[in-house]
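**Q** Let me begin by handing over the structure; questions about it come next.
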Amino acid sequence: MKIISIKDAEKNRKELEISIDKASFDEAVTAAFRKKAPTIAVPGFRKGKAPRNIVEKMYGKGYFYEDALKELVPKAYEEALKESELDVVSYPDYDVKSIDEKGVVFTALVYIKPVGEISKYKGLEAEQTEVVVTDEQVASEVEKTRKNNAREVEITDRAAQSGDKVNIDYDGYQDGKRFDGGKAEGQDLVLGSNTFIPGFEDQIVGHNVGDEFDVNVTFPTEYHEKTLAGKEAVFKCKLNAVKYDELPELDDEFAKDVSEFDTLEEYKNDVKAKLVKEEEDRQKNVVEGQLITKLAENFTCDIPEPMIDDEVEQSIRSYEQNLYYQGIDINSFLKYTKQTMDDLKKNFRPQSEKNVRVRLALETVAEKEKIEVKAEDVEAEYKRIADLYKMDVEKVKELVAEKQITADLKVSKALDFVRENAKVKVVTLAERKAEAEAKAKEAEKTEKPKKVAPKKTTKNTEEAAEEKKTTKKTTKKTEKSE
């Protein structure tokens, strides 16, 4: 392989002219013949046994060229790409220029990473809300943990009441006839959860275990089963069991059971610290989002379409994976949402373009600020990825190139630099509340209906006729006087 020339084709596009020597080409043609020979039938020869010169005489000298070029050209291009050190961002478009006694000459047309200009990246303005965690928030979080550690207790000495967990059998009838889907046995239900038809749960309250009773309901008019919508029905029920959740006492023993702390006070302090950290991270993301948007706005660049196309494809693959984890395949999702893959790509495109623009902007910041990534940073990132996916570090290194890790870390450091040099205004909760109230008042003014002028009282027929005569007379007098 030899690079003959590298030329500018158009903006952000290069054309590499590459040659392959005759010996390499001949070797590839021979390999193509050997691979294809068993499938070739030539009259007078057993299938796969015809000599190469006979086959070429029958099908043409270039019969094996295409297969040979499919093997040679991509390899030659990859070698040329490493030698050229071009930062290519698209697949190549190949064009074979010549095949002769000197070998093969072909061109590869590629897009390269564009160079853009960023007008401002220091002193960008952003806002965040002050981080405040109240005692009520801490209590709410502790209560969630308390409920998760509740003990289920069976009730035998009282009737069912709202909030209890009950187990029932039921059989539904409409106009004296059993209807489809109206029967179940061993159904668990939390009374007061409003899971069943309105009025159903209320009629279980007050019954004891073993009771058999009727529940009378009226299906909602917008019920999904049209044959039952708005209809009255009777459910014959049996109460099998009543239970309730017994919450643990909020004391030091509870703290020991649910955490590594010995006292309730220590546990609550830890809960508060975690809530503060969560809110700090959320506000950090809010600020980061604002800065990213401003970076994109301040960055001028002609982005090659293949870069955006590639980002769209990556976004869709990630989205498809998320759907898979939820038990949904992409084709079912598209069918359910009445979309095509092209629709999905179109929806992802604006954000994908912004992602590409922001990354290019941050790479520009990294270059301007001479941001470097140390070897230990790369090793730490490999370990982080390995821990995240529970993989061996060496396996991660096989899957992800060091060059990619270094590039990603450089972008991350550039974003840290932008954030550290930003002007972030901290807005108090009181100020946020005032803003919300002002917006609500403004919205109320905008949505307030216009006053309609009161309608005139309709006159009776005689009054209307008299008024009409008077109008005519006045008009005539006016005309005469004129």
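**Q** Any residue at all in segment 332-344 that's buried (at least 17 other Cβ atoms within 10 Å of the Cβ), closer than 26 Å to residue 144 by Cβ and either of a type in the set (A, V, I, L, M, F, W, C) or not assigned by TED's automatic domain parsing to the domain that holds residue 13 (or both)? Steps first, please.
**A** Taking segment 332-344 as the starting set, the residues that turn out to be buried (at least 17 other Cβ atoms within 10 Å of the Cβ) are 344.
This time we only want the ones that are closer than 26 Å to residue 144 by Cβ, so: none.
Within segment 332-344, not a single residue is buried (at least 17 other Cβ atoms within 10 Å of the Cβ), closer than 26 Å to residue 144 by Cβ and either of a type in the set (A, V, I, L, M, F, W, C) or not assigned by TED's automatic domain parsing to the domain that holds residue 13 (or both).
**Q** Right, here's the next one. Provide a single number: the residues in segment 208-223 that are in a loop (DSSP other than H, G, I, E, B) and either closer than 29 Å to residue 155 by Cα or of a type in the set (Ser, Thr, Tyr) (or both).
**A** Here the count works out to 6.
**Q** Taking interchain pairs and intrachain pairs at least six residues apart, which have beta carbon atoms under 8 angstrom, with the first residue in segment 420-431 and in the same structural domain as residue 282 (by TED's automatic domain parsing) and touching a residue at least 12 places away in the same chain (Cβ under 8 Å) and the second surrounded by 11 or more Cβ atoms within 10 Å (Cβ to Cβ) and of a type in the set (Gly, Ala, Ser)?
**A** Pairs that qualify, where the first residue is in the same structural domain as residue 282 (by TED's automatic domain parsing) and touching a residue at least 12 places away in the same chain (Cβ under 8 Å) and the partner is surrounded by 11 or more Cβ atoms within 10 Å (Cβ to Cβ) and of a type in the set (Gly, Ala, Ser), are 422/126; 423/126; 424/126; 425/126.
**Q** Consider residue 256 carefully, then state whether it is part of a helix (DSSP H, G or I), surrounded by 16 or more Cβ atoms within 10 Å (Cβ to Cβ), of a type outside the set (Ser, Thr, Tyr) and not assigned by TED's automatic domain parsing to the domain that holds residue 170. Spell out how you get there, then give the answer.
**A** Working: part of a helix (DSSP H, G or I): yes; surrounded by 16 or more Cβ atoms within 10 Å (Cβ to Cβ): no; of a type outside the set (Ser, Thr, Tyr): yes; not assigned by TED's automatic domain parsing to the domain that holds residue 170: yes.
No, not satisfied.
**Q** With respect to residue 374, determine if the residue is surrounded by fewer than 15 Cβ atoms within 10 Å (Cβ to Cβ) and over 27 Å from residue 12 (Cβ atoms).
**A** Yes: the conditions hold for residue 374.
**Q** Regarding residue 275, is this residue closer than 30 Å to residue 136 by Cα, touching a residue at least 40 places away in the same chain (Cβ under 8 Å) and part of a loop (DSSP other than H, G, I, E, B)?
**A** no
**Q** Filter segment 360-393 for residues that are within 28 Å of the chain's Cα centre (by Cα), part of a helix (DSSP H, G or I) and of a type in the set (Lys, Arg) and give the result.
**A** Across segment 360-393, the qualifying residues are 383, 384.
**Q** Which ranges mark the strands (runs of 3 or more DSSP E) fully within segment 87-160 that have 2 or more residues being farther than 30 Å from residue 427 by Cβ and out of contact with any strand residue (DSSP E or B) (no Cβ under 7 Å at 6 or more places or on another chain)?
**A** Where strands (runs of 3 or more DSSP E) fall fully within segment 87-160 and carry at least 2 residues being farther than 30 Å from residue 427 by Cβ and out of contact with any strand residue (DSSP E or B) (no Cβ under 7 Å at 6 or more places or on another chain), they are 93-100.
**Q** If you check residue 63 against the conditions, is it free of Cβ contacts under 8 Å to residues at least 24 places away in the same chain, aromatic (Phe, Trp, Tyr), buried (at least 16 other Cβ atoms within 10 Å of the Cβ) and assigned by TED's automatic domain parsing to the domain that holds residue 102? Don't jump to the end; show me each part of the working.
**A** Working: free of Cβ contacts under 8 Å to residues at least 24 places away in the same chain: yes; aromatic (Phe, Trp, Tyr): yes; buried (at least 16 other Cβ atoms within 10 Å of the Cβ): yes; assigned by TED's automatic domain parsing to the domain that holds residue 102: yes.
Yes; evaluated as a whole, the condition is true for this residue.
**Q** Is it true that residue 84 is within 15 Å of residue 6 (Cβ to Cβ), among the small types (Gly, Ala, Ser) and assigned by TED's automatic domain parsing to the domain that holds residue 25?
**A** It is true that residue 84 is within 15 Å of residue 6 (Cβ to Cβ), among the small types (Gly, Ala, Ser) and assigned by TED's automatic domain parsing to the domain that holds residue 25.
To keep it simple, each residue is scored yes or no on (1) touching a residue at least 12 places away in the same chain (Cβ under 8 Å); (2) in contact with a strand residue (DSSP E or B) (Cβ under 9 Å, 6 or more places away or on another chain); (3) among the aliphatic types (A, V, I, L, M).
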residue: 291; (1), (2), (3): yes, yes, yes
residue: 310; (1), (2), (3): yes, no, no
residue: 318; (1), (2), (3): no, no, no
residue: 323; (1), (2), (3): no, no, yes
residue: 326; (1), (2), (3): no, no, no
residue: 331; (1), (2), (3): no, no, no
residue: 335; (1), (2), (3): no, no, no
residue: 345; (1), (2), (3): yes, no, no
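**Q** Based on this model, can you work out whether residue 204 counts as surrounded by 15 or more Cβ atoms within 10 Å (Cβ to Cβ) and modelled with pLDDT of 95 or more?
**A** Spelling it out, residue 204 is indeed surrounded by 15 or more Cβ atoms within 10 Å (Cβ to Cβ) and modelled with pLDDT of 95 or more.
**Q** So which residues in segment 363-416 are of a type in the set (A, V, I, L, M), in contact with a Phe, Trp or Tyr (Cβ under 9 Å, 6 or more places away or on another chain) and in contact (Cβ under 8 Å) with a residue 12 or more places away in the chain, if there are any at all? Walk me through how you get there before you give the answer.
**A** Initial filter on segment 363-416 (of a type in the set (A, V, I, L, M)): 365-366, 371, 373, 375, 378, 380, 385-386, 388, 391, 393, 396, 399-401, 405, 407, 409, 411, 414-415.
If we keep only those that are in contact with a Phe, Trp or Tyr (Cβ under 9 Å, 6 or more places away or on another chain) too, we end up with 365-366, 371, 393, 396, 400, 405, 414.
Hits for segment 363-416 are 365, 366, 371, 396, 400, 405, 414.
**Q** Please give the number of the condition residue 226 fails out of (1) in a strand (DSSP E or B); (2) at pLDDT below 95; (3) among the basic types (Lys, Arg).
**A** (1)
The values are calculated or read from the model by the stated rules, or taken from the named source; none is laboratory data. All values reported here derive from a predicted model rather than from experimental measurement. When we count neighbours, we look across all protein chains shown, and the Cβ atoms used for this are built from the backbone with ideal geometry, even at glycine.
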